[in-house]
Every structure is written in structure tokens, then in C-alpha cells.
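All remarks here apply to the structure that follows.
Only the coordinates and a few stated rules stand behind these numbers; no lab work does. Bear in mind the structure is a predicted one, so any value in this text is a computation, not a measurement. Every residue, glycine among them, receives a Cβ derived from its backbone with ideal geometry; neighbour counts consider all protein chains shown.
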Amino acid sequence: MTVRQMQDEIIRLKKEKDFCILAHAYQSQDIWDVADFIGDSFELSRKAASASQQNVLMCGVRFMAETVKILSPQKNVYISSPDAGCPMADQIDKDILSQLKTMYPDYTVVAYINTTADTKTLCDVCVTSSSAVKIVSRIENKNILFIPDSNLGAWCRDQLPDKNFKLISGGCPTHLRISLREVERVKALHPNALVLVHPECLPEVTAKADYAGSTTGIMKFAAQSDASEFIIGTENSIVEHLKFAHPEKQFYPLSKDCVCHNMKLTTLADVYDIVKNASGEEIILSDETIAAAKKPIDEMLRLGE
Ligand code: 13P
Ligand code: SF4
């Protein structure tokens, strides 16, 4: 079967078997081509809630599929590869968070959406990279305990000087591979290029950027900008998508090592298998976990309006 034939089969089967396919921006072009929605974490969580199909396949990592299940518990939600986790989400669990809450009782717990469903059950509000600053600015409490990404937390803190942030030492291993030295080296090679980065990057990297934002924020900025050269500081699939969408512009990766192997575990053949045989892993969460984890996500959707 060729790639095109497999894609045609997936498109036929997903209608027949009532599947909605959601693809995170880091997925490859062949998967984008068969998806019903493509987006960053915030957009995907909103789309998941409004999708009419009974079955949802999340092409992304586990916390994203869990978010879909929490928002649509009556649906069958699948992830293609049981191993597709987010190492940052696994850096904090309920035990660690319980200890932090005891240490900082007067703080509102703000959880990056990149957390497990279990961890979310103890949080007050979730945020995504595209919504974090807006949502934290709308929280009444001045005291914010931000978990688990200290880089996204620091980026919010710098824009919200009236808030009192406590950060913990978590972060994305993929974005942490981008160093200030890399920024200086690539900028010297392409002095006219604008630097666009994800706020999961180190603060000294984000400080050098012309724009910092979510995965789709970066793509929208590049699409709308009059500039013709861009240095991209996020997972390198975004460089490929941008080259594909804007062949008249130049895109350079900030680091050749900025690859999220977990995001790369999903292949077109997996997508085909799942819509054909309902294989893959179905996300199962207890009613208690769903009810408790839904509160901070609902709060995110309410404050993010
Ligand atoms: P976005 O919210 O920008 O899609 O980011 C999710 C993510 O995991 C980035 O590494
Ligand atoms: Fe998690 Fe980083 Fe991969 Fe995003 S890029 S899914 S934060 S490990």
C-alpha cells in the first residue's frame, strides 16, 4: 500500500467507524493530511469537547489523550502508542504535589496541561503555552504555585510582575537541548532571521527571541510576518511544516537535536490500524479521577475565554 492509498483508506474508515482524528502540531505531514483537527494543546482540548464522533484518536502524547477523555468521558478515546508519554508530565505526581501544597497552603496551584490526569486532580487551574499568561493574570490570588515547567513559569512570571510565583525544577527535555550558545551561533549564520521560540525553552533563550508562543502561535506568526527568514526554537517538525506551507520563506532549526521522540512514536500505519481495528490503547480513567481532573481544565476553559 502506498502512503496515498493508506491515507485514502483512513479517510474512508474514519467515517465508517465514526472516528475523529486529532493531531498535535508536532505530528508529521502524512498524519496531518488525515486529521480532522490540527492544533496546539489548547486548541485540541477545545476541539475534543465539541467533536461529534463517538471515537477519538489522539495523535500526540498521553496527557493530551487523557485531556480528551476527561472532557468527553462518554467517548472512546485512543492513543496509538502506549509508550507515547511526555517526560515533563511524569516529573511530578500526586505525592510530590501534596507535599508542595502543604508547604505553600495559600497558593493557587496552576498546572501546565502537560501533567498526568492523576496530578490534575489536585490542581486549581490548568494552562497551556498559548493561554498561560492570560489565565494567570485572571486568577484573583496573588500567590501562584506553577507546576511542572519552570521555564514556562518564569516566562509568565516575567510578564506578570504583580504575581508572586513559586516555581519547581521541572522542564521539557527536548526544549532544554537549545542553549544560548546555539542561539548565538545560528543567529550569526542568519543575521536577518527572526527568532521564534516556544516558552518551554530556557529563559536566556526566550529572552533573545523576537516572538515566544505555542506551536501554532509560532506558525501563525511566521505566516503573517513580512520577514522572509526565521530561526525556529521548538520541536523540529514545526520547521518542516513551515517549509511546506511557505516555500517562499526560509526556516532554520535552532538545534538539530530538538526532536521529541515521544511525539514521533505515532506513525501513519498506527493510525490506519486503530481506525480499522480499534487497536492501540483505549484511555481508561476512573469516574473519580475524571470528575476531579475536570475541575482545573474547566477553569482553564472558563478563564481562557
Ligand atoms: P503547545 O501547547 O504549544 O502545543 O505545546 C505542547 C507541547 O508539548 C510542547 O512541547
Ligand atoms: Fe513533552 Fe517536551 Fe515532548 Fe512537548 S516536546 S510532549 S513537553 S517532552
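The range 274-301 and the range 59-136 have Cα centres separated by 11 Å.
Rounded to the nearest 20 debye, the dipole magnitude of the range 131-186 is 40 debye, with +1 charges on Lys and Arg beta carbons, -1 on Asp and Glu beta carbons, and the Cα centre as origin.
Please report the relative contact order for the chain, taking Cα pairs under 8 Å with a sequence separation of at least 6, and give it as a percent rounded to a whole number. Value for the chain: 22 percent. Using a cut-off of 26 Å between Cα atoms, the listed pairs 14/264; 94/142; 17/120 include 17/120 as exceeding that distance.
Across the options 241, 5, 214, the greatest Cα extent toward the positive end of the charge dipole of the chain (unit charges at beta carbon of Lys, Arg, Asp, Glu) belongs to 214. Here the chain is treated with +1 on each Lys and Arg Cβ and -1 on each Asp and Glu Cβ, and its dipole about the Cα centre works out to around 340 debye.
Of 138, 177, the sequence from fewest to most neighbouring Cβ atoms within 10 angstrom is 138, 177. Considering helices alone, the calculated mean residue ellipticity of the chain at 222 nm is -12000 deg cm²/dmol, with DSSP H runs of length four and up weighted by -39500 (n - 2.57) and normalised per residue. Among 115, 289, 121, 266, a tally of other beta-carbon atoms within 10 Å of each Cβ gives an order, fewest to most, of 289, 121, 266, 115.
Across the range 73-90, rounded Karplus estimates of 3J(HN,Hα) from the backbone phi angles (6.51 cos²θ - 1.76 cosθ + 1.60, θ = phi - 60°) give x, 7, 9, 8, 10, 10, 10, 6, 10, x, 7, 7, x, 10, x, 5, 4, 7 Hz, Gly and Pro being marked x. Here the range 252-305 is treated with +1 on each Lys and Arg Cβ and -1 on each Asp and Glu Cβ, and its dipole about the Cα centre works out to around 260 debye.
More than 36 angstrom separation, counting every C-alpha pair in the chain; what % is that? When every Cα pair of the chain is considered, 16 percent fall beyond 36 Å. In the chain, a dipole from Cβ-located charges (positive for Lys and Arg, negative for Asp and Glu) runs towards its positive end, and of 274, 82, 188 it is 188 whose Cα lies farthest in that direction.
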